[in-house]
Amino acid sequence: QLVESGGGNVQAGGSLTLSCAASPRTSVTYIKGWFRQAPGREREFVARADPIGSRGYYADSVKGRFTISRDNGKNTVTLQMNSLKPEDTAVYYCVANPKYVGFSPATWEYWGQGTQVTVSS
C-alpha cells in the first residue's frame, strides 16, 4: 500500500530524493511521513506532512536539510534530503496513519517495505 523508491548510495554532502506512492487504501486524508532505522538502532521519526497545508514537521537531526512534501492529487509523498551525512545512513520507511499519533513507530498503522540510503564519508 506504500511503495518507496529513490534510495541509493551517495557521498557526504550529496542529495537524494525519496518518493512514496500510496494506494487508495491509504487515503489522501491520512497523515504521511517517514521513519528510518540505522543498523543496531531503533526506528526513529524523520518527518511528517499533514493532509492539508504545506507545513512539514521534522526531527531535530534533519531539520534544515530535509524537506517533506506531498501531492494529494497523486497520493504521493516525497522526502528531499540535502547535505547528507554518514549518520543519515539507514533504511527509510514511508508511513501513513488516519490521524496524528506522535513519534512512536508503534503507533503508525501503514508502512512501506523500506528503501536503503547509504551515505559514505
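Values computed for the structure shown
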read-out: Under 11 Å, Cβ to Cβ, from Met81 - net charge with Lys/Arg +1 and Asp/Glu -1; value: +2
read-out: Net charge, Ala49 excluded, C-beta distance under 9 Å - Lys, Arg +1, Asp, Glu -1; value: +3
read-out: All-pairs Cα distance distribution in the chain, expressed in whole percent, bin size 10 Å; value: 15, 51, 30, 5
read-out: Convex hull per residue volume in Å³, alpha carbons only, for the range 53-104; value: 109 Å³
read-out: Filtered chymotrypsin sites (Phe, Trp or Tyr not before Pro), the range 1-108: DSSP coil and at most 12 other beta carbons within 10 Å; value: Tyr100
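Throughout, read-outs are computed from the coordinates displayed, never taken from laboratory work. Just so you know, these numbers come straight off a predicted model, no measurement behind them. Positions of Cβ are generated from backbone atoms using ideal geometry, with glycine treated the same way; all protein chains shown enter the neighbour counts.
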